[in-house]
1. Could you calculate the FRET efficiency of TYR22 with MET93 from 1/(1 + (r/R0)^6), where r is the beta carbon distance between them and R0 is 35 Å, rounded to 0.05?
2. Could you pull the Cα extents of the chain along its three principal axes, largest to smallest, in whole Å?
3. Between ILE39, ILE69, ILE15, where does the largest GNM mean-square fluctuation fall for the chain, given springs only between Cα atoms within less than 10 Å?
4. How much length, in nm to one decimal, is gained on full extension between VAL81 and ASN51, taken as 0.36 nm per residue of separation minus their Cα-Cα distance?
5. Note the count of lysine pairs whose C-alpha atoms are less than 24 angstrom apart in the chain, limited to pairs 8 or more residues apart or on different chains.
6. Pick from SER25, SER92, SER66: which residue has the top mean-square fluctuation in a GNM of the chain where Cα pairs under 10 Å get a spring?
7. Gaussian network model of the chain, Cα springs within a sub-10 Å range: biggest mean-square fluctuation belongs to which of LYS99, LYS43, LYS61?
8. Collect residues whose amide H, placed 1.01 Å from N in the peptide plane, falls under 5 Å from the amide H of TYR58; neighbours closer than 5 in sequence don't count.
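Just so it is clear, none of the values below were taken in a lab; they were calculated from the coordinates. All figures in this text were calculated on a predicted structure; none of them were measured in a lab. Heads up, the Cβs are rebuilt from the backbone with ideal geometry, glycines too, and the neighbour counts pull from every protein chain shown.
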Amino acid sequence: MHIEILKSKIHQVVITEVNLHYVGSITIDETLMQAANLIENEKVQVLNMNNGERLETYVIKGAKDSGVICLNGPAARKAQVGDVIVVISYASMEFEAAKKFKPTIIYPNSNNQLK
């Protein structure tokens, strides 16, 4: 049996940009991506702490150490600059392996930089 479990989490980062006229996705600072064990094009869930919105999209690599967190395309309508979000990815694995798996969770500061 396979189950889905938490793989990666960026806990409470601030939206720095929204770009409605883009194909779609979330742009994340490359440093945060690496620290959270996320890769470009990986499917993620975005949870908006300010308005309760939840959406799924994929990751685009942003400039390293820029602090950029940008919702693109239709997702841009789900948040405003300054909103605080959580970004989560999941993995599917065998039940017994999942019991031993440890997710990667990071807690950036209010400037979207690692502490």
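1. Approximately 0.60, to the nearest 0.05.
2. Computed over the Cα atoms, the extents are 42, 29, 24 Å.
3. ILE39
4. Values: separation 30, 0.36 × 30 = 10.80 nm, distance 1.25 nm.
Between VAL81 and ASN51, full extension yields 9.6 nm more.
5. Total qualifying Lys-Lys pairs in the chain comes to 27.
6. Judging by the Gaussian network model, the answer is SER92.
7. Result for the chain, Cα springs under 10 Å: LYS99 fluctuates most.
8. Long-range HN contacts for TYR58: SER25, ILE26, VAL44.
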